[in-house]
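The values are calculated or read from the model by the stated rules, or taken from the named source; none is laboratory data. Computed from a predicted structure; not experimentally measured. With ideal geometry, Cβ positions are generated from the backbone for all residues, glycine too; neighbour counts draw on all protein chains shown. Heads up: the accessible areas ignore ligands, DNA and RNA and are worked out on the full protein's heavy atoms, side chains in. Shrake-Rupley method; radii C 1.70, N 1.55, O 1.52, S 1.80 Å.
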Amino acid sequence: MFVNPSPGGVVRTRYAVRLAAEHDAHLIGVFIAPTGWRRNPADGFVAGAVAVREMVERHSLFEREAAEEAIKNFEALAGRERVTFEFRSIEANNADELARLHSLHSDLVVVGYPSPGGLPAQGTPAGMLLATGVPFLIVPESWSSDGVANRILFAWNASREARRAISDALPLMKTAQSVTVLVIDPKKNASHGEQPGADVAHYLCRHGVIATVEQRQSEGKAVADVIREFATHDGSDLIVLGAYSHARTREFIFGGVTRSLLRNITVPTLIAH
């Protein structure tokens, strides 16, 4: 998970710690150390050996204190549970590449919302997902529920990406109290078969997941809004979906479900691709 010393970072850390504890997972906290240079651009014009030395020392102190606060918060929360954990700090100057590298060697990456949610300044969960193929679980900073993947809503559209989401989220589905397979506008997609949602529910059942199928019509609403509304009414504490199941050009032109959902995250959301 990507951590930072903020209220949203605390929410995210608490969520990740509980998830790790429930699944006997090793938790890695990655902190992107801020650079003091971005705080005050005028520092770039400082002249004189003494002034430059003082400025460098001030920047180093700021970076060190930020890292110390981040690791203190992370270890305080992780230490309360019986989980193995470690903390890593990477420099902001090379953060994009290193963030991808650390993500590649994980089963799941936990980040926050709104962006960057602990990621590099210009990073996004969707961009990191497409760059690494590793599933990302996005936790909104406003999330206050103690539930961690107890009531899962799985948005099924019979796509390759949705099928990938099953594999990535299967460990969570197996331990959930309930899993709902939501099929929206089923008659508009021949890939669903004669009984939309039934086959995938049967498949999940073979893996020990007891899933129920719900069909909904969008009736002119955005599909993302239908998913959000169902999650609210159903009391879901995790939404799972395959991201960017259409060509990215089509997503850009017509406005994709993925982009719409990621624009306003109110429930922890796992995206896979």
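How do ARG228, ARG160 rank by accessible surface area computed with a 1.4 Å probe, from largest to smallest?
Largest to smallest exposure gives the sequence ARG160, ARG228.
On the full set of protein chains, 1.4 Å probe, figure out the accessible area of ARG18 and give it in Å² to the nearest 10.
Near enough 70 Å² of accessible area.
On average, how much area does the Cα convex hull of the chain cover when viewed from any direction, in nm²?
If you wrap the Cα atoms of the chain in a convex hull and average its projections, you get 16.0 nm².
How much accessible area per residue does region 83-229 have, counting only protein heavy atoms and a probe of 1.4 Å, in square angstrom?
Using a 1.4 Å probe on heavy atoms only, each residue of region 83-229 averages 50 Å².
Accessible surface of LYS174 in the full protein assembly, 1.4 angstrom probe, to the nearest 10 Å²?
The value for LYS174 is about 110 Å².
Taking 25 Å as R0, compute the FRET efficiency from the Cβ-Cβ separation of SER191 and ALA222 and round it to 0.05.
The value I calculate is 0.75.
Translational diffusion coefficient of region 72-131 at 37 °C, 0.692 mPa s, Stokes-Einstein with Kirkwood Rh over Cα pairs, in µm²/s as a whole number.
It diffuses with D of about 256 µm²/s by this estimate.
Give me the number: length gained by fully extending GLU97 to GLU81, i.e. 0.36 nm times residue separation minus the C-alpha to C-alpha distance, one decimal in nm.
2.7 nm
Which value, in Å² and to the nearest 10, is the accessible area of THR212 when all protein chains are kept and the probe is 1.4 Å?
About 70 Å², ignoring ligands and nucleic acids.
Starting from the amide H of LEU238, placed 1.01 Å from N in the peptide plane, find each other amide H under 5 Å away whose residue is 5 or more places distant or on another chain.
ARG151, LEU153
In terms of solvent-accessible area of protein heavy atoms at a 1.4 angstrom probe, what is the ranking of TYR244, TYR203, highest value first?
Ranked list, largest accessible area first: TYR203, TYR244.
Determine the principal axes of the Cα atoms in region 101-251, then give the extent along each, sorted from largest to smallest and rounded to whole angstroms.
On the principal axes, region 101-251 reaches 45, 37, 28 Å in Cα extent.
Would you work out what percent of the accessible area of the chain, with all protein chains in place, is carbon or sulfur (probe 1.4 Å)?
On the chain, the fraction of accessible area on carbon and sulfur atoms equals 50 percent.
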